[in-house]
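Visitor: Submitted below is the structure of interest, expressed as structure tokens.
The values are calculated or read from the model by the stated rules, or taken from the named source; none is laboratory data. Everything numeric here is computed off the predicted structure, so don't read it as measured data. Cβ: placed from backbone, ideal geometry, glycine included. Neighbour counts: every protein chain shown. SASA here: full protein model, heavy atoms, side chains in, ligands and nucleic acids out. Shrake-Rupley method; radii C 1.70, N 1.55, O 1.52, S 1.80 Å.
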Amino acid sequence: MSRTRTALLAAMALVAGATGTAFAVDPGAAGVAAVPCTVDYKIQNQWSTGFTAAVTITNNSAAKSSWSLKWSYAGNQKVTSGWNAKLSQSGAAVTAANETYNAQLATGGSVSFGFQGSYSGSNAIPATFTLDGVTCNVDDGGPGGPTDPPDPGGPSNRVDNPYSGAKVYVNPEWSANAAAEPGGSRVAGQPTGVWLDRIAAINGAGGKMGLRAHLDEALRQKGSGELVVQFVIYNLPGRDCSALASNGELKADEIGRYKTDYIDPIKAILADPKYASLRIVTTVEIDSLPNLVTNTGSRPTAVPQCDVMKANGNYVKGVGYALNKLGDVPNVYNYVDAGHHGWIGWDDNFGPTATIMKEAATAEGATVNDVHGFITNTANYSALKENNFTINDTVAGKSVRESKWVDWNRYLDELSYAQAFRNQLVSAGFNSNIGMLIDTSRNGWGGAARPTGPGATTSVDTYVDGGRYDRRFNAGNWCNQSGAGLGERPQAAPATGIDAYVWMKPPGESDGSSKAIPNDEGKGFDRMCDPTYTGNPRNNNNMSGALPDAPVSGHWFSAQFRQLMQNAYPPLS
């Protein structure tokens, strides 16, 4: 179900406070004379001097090859920055014109953009919008016109950003583990993701809560307000083809079992009307689709098992099936895993990864409307923002991109990558109002080793290595990284295009065992989790940087959690 369509059906009355919507009508409703265009204007966040807003235009007239939307403010609102449209303002009058990548607006088609603004006093919703000179949201006043209430039986009640104005579920099992550590009470109340990493996790395994138990607890925590509960959908056949620590229970060809024994039962539980008041965020299948780009074919990073998964198509089919089925649940918000900058940030990975995500999002009955957004850095360690150097810096006659650390990547950190990749995804055919999540659970890199300024300008390597927050040997290192710290605390709408910073990976849960440990969870031993491992082409043959004495992936790793707290940035108080 399209988020734009959802907003259109839901939008009618002006809502006071931090969220407001300009009225719109459903041009497909019985007895309604079609209006030429509708505009859904929502204030997403509002504070004492500023606000962010999302605007969706639906064109009910002839197809357009370009468009321009205009409105005027009754107060002193000023647009300060925007995205997905060219915004200008003269006095109270604002104009939003298309970008090159979203100029086409078909009959019945929608386009969305957003902006940040400032204000003082009141922040009233504009009363009138015109699209290419034609007034929107106005029909002939017949039955079902703008004065009639919307149909409450619409297929979805999704909001643009599920995290805005909502609490986020605190997993009591993770919280208890955190609180049991010295100083852990400082973060034990933070929300984290719940990982459904095998079929048995749906009903609960090893004494742990199952999906229904978490949803019931989420209802209890919700009270009378809004609440987001986060689940990681993570059990593809042939899972994690380039790694061993998190290989799953399903073999490469078990796509049928993935559908019937894993996704279908999850969908059935999430669709229970009992849970309809929750905002359910699903992170769909981390570490899957990017592998089909970076670790296949003749590349030096190729892995035979990834070639198998590309050939059988079961990653694409599995992700498509999950998006289709879970997207049918009106209060589910699907976010697809999009790797991280140290994986996808190179030119030959960036565009092809967005393309294969579009392929998966239109497979097995899914459409791009089943994708609410994407998530980067899930269970990884890439720094949120590198402040001590930029990708455009030159030192000793060499670009920062030539340093061993950056290695010709176009991105230094997750925020710049997530924002740029969002634009790439829109260009690939995803809806222009998709939002991004960034997992900041373990990318703080604080503590005594955190640089306070740029490195020495002796060479480009001393400059970058001396100033970078991310202290890994290589950005390809991913297992239980030594020196890492808790990152930014979960928060809604922290930056342009970003729906939230989240702790999708629960801090303190291992990425994989440091040595082979027998288990019944289908999880193997990966040398990247071995502190003595000297590397492979996927981490440029560097040391693994992993902590010693780690348990099997997903199990509590006390030593790591204590180090994460010690190196937290922002620091813990």
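Visitor: Count, please, the residues in the stretch 272-300 that happen to be part of a loop (DSSP other than H, G, I, E, B) and surrounded by 18 or more Cβ atoms within 10 Å (Cβ to Cβ).
Guide: Qualifying residue count, the stretch 272-300: 7.
Visitor: Let me ask something else. Could you look through the stretch 301-321, keep only residues that are of a type in the set (Ser, Thr, Tyr) and open to solvent by 10 Å² or more (accessible area, probe 1.4 Å), and pick out the one that is modelled with the highest pLDDT?
Guide: Checking each candidate, the answer is TYR321.
Visitor: Does at least one position in the stretch 495-504 carry a residue that is touching an Asp or Glu at 6+ places or on another chain (Cβ under 6 Å), open to solvent by less than 40 Å² (accessible area, probe 1.4 Å), in a loop (DSSP other than H, G, I, E, B) and closer than 30 Å to SER432 by Cβ?
Guide: Yes, the stretch 495-504 contains at least one residue that is touching an Asp or Glu at 6+ places or on another chain (Cβ under 6 Å), open to solvent by less than 40 Å² (accessible area, probe 1.4 Å), in a loop (DSSP other than H, G, I, E, B) and closer than 30 Å to SER432 by Cβ.
Visitor: If we keep just the residues of the stretch 441-471 that are over 17 Å from LYS385 (Cα atoms) and of a type in the set (Val, Ile, Thr), which is surrounded by the most Cβ atoms within 10 Å (Cβ to Cβ)?
Guide: This residue is VAL460.
Visitor: Suppose we filter ALA366, ALA311, ALA360, ALA322 for residues that are free of Cβ contacts under 8 Å to residues at least 40 places away in the same chain and small (Gly, Ala, Ser); which single one remains?
Guide: ALA311
Visitor: Consider the stretch 258-274. How many of its residues are in contact with a Leu (Cβ under 6 Å, 6 or more places away or on another chain) and either acidic (Asp, Glu) or under 12 Å from ASN235 (Cα atoms) (or both)?
Guide: 1
Visitor: On to the next question. Take the residues in the stretch 394-417 that are out of contact with any Lys or Arg (no Cβ under 6 Å at 6 or more places or on another chain) and acidic (Asp, Glu), then tell me which one is nearest to GLY339 (Cα to Cα).
Guide: Checked the stretch 394-417; the qualifying residue nearest to GLY339 (Cα to Cα) is GLU414.
Visitor: Now for a separate question. Does the stretch 328-346 contain any residue that is open to solvent by 20 Å² or more (accessible area, probe 1.4 Å), touching a residue at least 60 places away in the same chain (Cβ under 8 Å), under 27 Å from LYS167 (Cβ atoms) and out of contact with any strand residue (DSSP E or B) (no Cβ under 8 Å at 6 or more places or on another chain)?
Guide: Within the stretch 328-346, one or more residues are open to solvent by 20 Å² or more (accessible area, probe 1.4 Å), touching a residue at least 60 places away in the same chain (Cβ under 8 Å), under 27 Å from LYS167 (Cβ atoms) and out of contact with any strand residue (DSSP E or B) (no Cβ under 8 Å at 6 or more places or on another chain).
Visitor: Does the stretch 213-226 hold any residues that are surrounded by fewer than 24 Cβ atoms within 10 Å (Cβ to Cβ) and out of contact with any helix residue (DSSP H, G or I) (no Cβ under 6 Å at 6 or more places or on another chain), and which are they?
Guide: The answer is ALA213, HIS214, ASP216, GLU217, LEU219, ARG220, GLN221, LYS222, GLY223, SER224, GLY225, GLU226.
Visitor: Next question, about the same structure. Restricting to the stretch 182-197, give me the number of residues that are surrounded by fewer than 22 Cβ atoms within 10 Å (Cβ to Cβ) and either aromatic (Phe, Trp, Tyr) or in contact with a Pro (Cβ under 7 Å, 6 or more places away or on another chain) (or both).
Guide: Within the stretch 182-197, residues that are surrounded by fewer than 22 Cβ atoms within 10 Å (Cβ to Cβ) and either aromatic (Phe, Trp, Tyr) or in contact with a Pro (Cβ under 7 Å, 6 or more places away or on another chain) (or both) number 1.
Visitor: Here's something else I'd like to know. Looking only at the stretch 532-556, how many residues end up being in a loop (DSSP other than H, G, I, E, B) and more than 14 Å from TRP478 (Cβ to Cβ)?
Guide: 9
Visitor: OK, next. For residues that are among the acidic types (Asp, Glu) and farther than 25 Å from ASN567 by Cβ, scanning just the stretch 369-393, find the one that is farthest from the chain's Cα centre (by Cα).
Guide: ASP393
Visitor: ASN431 - would you say it is assigned to a loop (DSSP other than H, G, I, E, B) and more than 23 Å from ASN477 (Cα to Cα)?
Guide: Taking the combined requirement at face value, the residue satisfies it.
Visitor: TYR321 passes all but one of (1) in contact with a Lys or Arg (Cβ under 9 Å, 6 or more places away or on another chain); (2) among the hydroxyl-bearing types (Ser, Thr, Tyr); (3) assigned to a loop (DSSP other than H, G, I, E, B); which number fails?
Guide: The failed condition is (3).
Visitor: Of all residues in the stretch 65-80, how many are within 20 Å of CYS136 (Cα to Cα), in contact with a strand residue (DSSP E or B) (Cβ under 6 Å, 6 or more places away or on another chain) and crowded, with 20+ Cβ neighbours inside 10 Å?
Guide: Counting residues in the stretch 65-80 that are within 20 Å of CYS136 (Cα to Cα), in contact with a strand residue (DSSP E or B) (Cβ under 6 Å, 6 or more places away or on another chain) and crowded, with 20+ Cβ neighbours inside 10 Å gives 2.
Visitor: Can you name every residue in the stretch 81-94 that is of a type outside the set (Gly, Ala, Ser) and crowded, with 16+ Cβ neighbours inside 10 Å?
Guide: If the condition is that a residue be of a type outside the set (Gly, Ala, Ser) and crowded, with 16+ Cβ neighbours inside 10 Å, then TRP83, ASN84, LEU87, GLN89, VAL94 are the ones that fit.
Visitor: From the residues in the stretch 452-483 that are closer than 18 Å to ALA568 by Cα and among the charged types (D, E, K, R), which one is nearest to the chain's Cα centre (by Cα)?
Guide: ASP470
Visitor: Assuming VAL371 fulfils every condition listed in (1) crowded, with 23+ Cβ neighbours inside 10 Å; (2) touching a Ser or Thr at 6+ places or on another chain (Cβ under 6 Å) apart from one, which condition is it?
Guide: For VAL371, the failing item is (2).
The rows are residues; the columns are (1) touching a Lys or Arg at 6+ places or on another chain (Cβ under 8 Å); (2) among the acidic types (Asp, Glu).
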residue	(1), (2)
ASP307	no, yes
ASN312	no, no
GLY327	no, no
PRO330	yes, no
ASN334	no, no
TRP343	no, no
ILE356	no, no
THR378	yes, no
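Visitor: Of the residues in the stretch 387-419, how many are closer than 24 Å to LEU486 by Cα and either open to solvent by less than 30 Å² (accessible area, probe 1.4 Å) or not small (Gly, Ala, Ser) (or both)?
Guide: Residues in the stretch 387-419 being closer than 24 Å to LEU486 by Cα and either open to solvent by less than 30 Å² (accessible area, probe 1.4 Å) or not small (Gly, Ala, Ser) (or both): 14 in total.
Visitor: Looking at the stretch 516-557, which of its residues are open to solvent by 40 Å² or more (accessible area, probe 1.4 Å), under 29 Å from SER185 (Cβ atoms) and not aromatic (Phe, Trp, Tyr)?
Guide: PRO548, ASP549, HIS555
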